[in-house]
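Inspection log for the structure reproduced underneath, given as structure tokens.
The values are calculated or read from the model by the stated rules, or taken from the named source; none is laboratory data. The shown structure was predicted, so the numbers you read here are calculated from the model rather than taken from an experiment. Note: ideal-geometry Cβ built from the backbone for every residue, glycine included; neighbour counts use all protein chains shown.
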Amino acid sequence: QVQEGLLDRAADFPLLANPVHGKTLHYLDNGATTQKPASVIEAERVFYERSNANIHRGVHWLSQHATDLYEIARESVRGLLNARLANEIVFTRGTTEAINLVAASWGRANLKAGDEILLTWLEHHSNIVPWQLLCEQTGAVLRVAPMTESGEVDLDAFRALLNERTRLAAFTHVSNALGTVNPVEEMTRMAHEAGALVLIDGAQAVAHQRVDVQALDCDFYVFSGHKLYGPTGIGALYGRKALLDAMPPWQGGGDMILTVAFEGSTYAPAPQRFEAGTPNIAGTVGLAAAIEYVQSVGLDAIARHEQILLDYTQEQLQRLPGIRILGTAAHKAAIVSFMVDGIHPHDLGTILDSEGVAIRAGHHCAMPIMTHFGIPGTARASFALYNSLADVDALVDAIGKAQSLFGIRS
Ligand code: PMP
């Protein structure tokens, strides 16, 4: 039984009340982005109505007030990840920018020809391409740990690929394409034993479970606010203090300097050193409101609720003929990737949309996974705290209709 308390939460999200094609919306594309609670929308509005000014530079009250809000948001992110220090949190546009920051700053300063970066077959493109660019620039080499048929990282292969040349292991916490939850603590331990640093892509994890970077013992952790019920264009990089302190700037401009002269400039300490230019101040305020919202619901309660939705979805889908679920890991987040015999995922997505059911169809920015399974893409339903069993029923009914339309069943 889904906990009643969580079922009520849909009312906190104004968008969910709007019909699509005249039908009740069943929003199951949360892996791409989540809807926003009224408190997040309100926090951004109130910021612009009462607190808007540029930060860190002004002597006037509003500027100091905006600076305070920005730094309070940094403290919220610290709390969310249980980092030791707020200065270990760098604001970025999101996961993609955070990974690019580490690649450009740490990577260019530390990697040389022949060094290795270890990824896994489960990565999103944003945890592949920045490392490929870095390898082109430095002569470092990418290694990729394979995955098993169930869509889990082959841990023996992962361990075997680690060696004294491995400088960094970068892997996802939760796969956006299959839902697999990786044993990131164990993988981090293995990488550290080989002397490599660890970056964890938390884009699909932070909204669904508790994350503790100190317990994980990772060196970098990245996520996007928009997948955590927060605004788009804001996210964060957690980096261990000693590492951030030693890393050079990656973008130059205002706010990241101590002194500027034409002969040369000196740089602010981390995290300001990595936050050149006017940041997304309103976004950080919205993100702080999103963190407060998620914490008030409780990440453990969210995880339990989504597990029920996951089990129910997989059970119901398997009752339909011709359904193949990709990703059968023992430990999964509430993301279900599937194929329906005889219906291309894009056609399925379009028919489901006409029934008010929003899912994603395609390669989910994880083309290597699709290549592995020999398919162009999948249909993906991904859940959030506001989803209910009724959303799953609507999904299953709409798939049944699509099958009838295609003459797969009468
Ligand atoms: N990594 C994973 C696992 C993701 O799911 C996503 C978003 N789909 C990203 C990285 C990229 O996040 P963003 O586009 O917010 O930078």
Selection from the range 152-167 of residues within 16 Å of the ligand (Cβ to nearest atom) and hydrophobic (A, V, I, L, M, F, W, C) yields Val153
Of the candidates Ala381, Ala361, Ala402, Ala390, the one satisfying the condition of being in a helix (DSSP H, G or I), within 21 Å of His26 (Cα to Cα) and in contact with a strand residue (DSSP E or B) (Cβ under 7 Å, 6 or more places away or on another chain) is Ala402
**Asked** Does the range 231-238 include one or more residues that are at pLDDT 95 or above, on the phi > 0 side of the Ramachandran plot, under 22 Å from the mean Cα position of the chain (by Cα) and within 16 Å of the ligand (Cβ to nearest atom)?
**Response** yes
When restricted to Asp12, Asp68, the only residue more than 16 Å from the ligand (Cβ to nearest atom), out of contact with any helix residue (DSSP H, G or I) (no Cβ under 8 Å at 6 or more places or on another chain), modelled with pLDDT of 95 or more and not basic (Lys, Arg) is Asp68
Looking at this structure, is Leu199 touching a residue at least 60 places away in the same chain (Cβ under 8 Å), outside any helix (DSSP H, G or I) and more than 14 Å from the ligand (Cβ to nearest atom)? no
If I filter the range 119-134 for residues that are within 30 Å of Met370 (Cβ to Cβ), part of a strand (DSSP E or B) and touching a strand residue (DSSP E or B) at 6+ places or on another chain (Cβ under 8 Å), do I get at least one hit? yes
query: Does Leu80 satisfy the condition of being assigned to a helix (DSSP H, G or I), more than 13 Å from the ligand (Cβ to nearest atom) and either closer than 18 Å to Gly239 by Cα or not aromatic (Phe, Trp, Tyr) (or both)?
result: yes
Residues of the range 98-114 being surrounded by fewer than 19 Cβ atoms within 10 Å (Cβ to Cβ) and either on the phi < 0 side of the Ramachandran plot or modelled with pLDDT under 95 (or both), in sequence order, are Arg108, Ala109, Asn110, Lys112, Ala113
Subset of the range 95-118, residues within 16 Å of the ligand (Cβ to nearest atom), touching a helix residue (DSSP H, G or I) at 6+ places or on another chain (Cβ under 7 Å) and small (Gly, Ala, Ser), comes to Ala103
Screening Thr266, Thr172, Thr259 for residues that are of a type outside the set (A, V, I, L, M) and surrounded by 24 or more Cβ atoms within 10 Å (Cβ to Cβ) leaves only Thr172
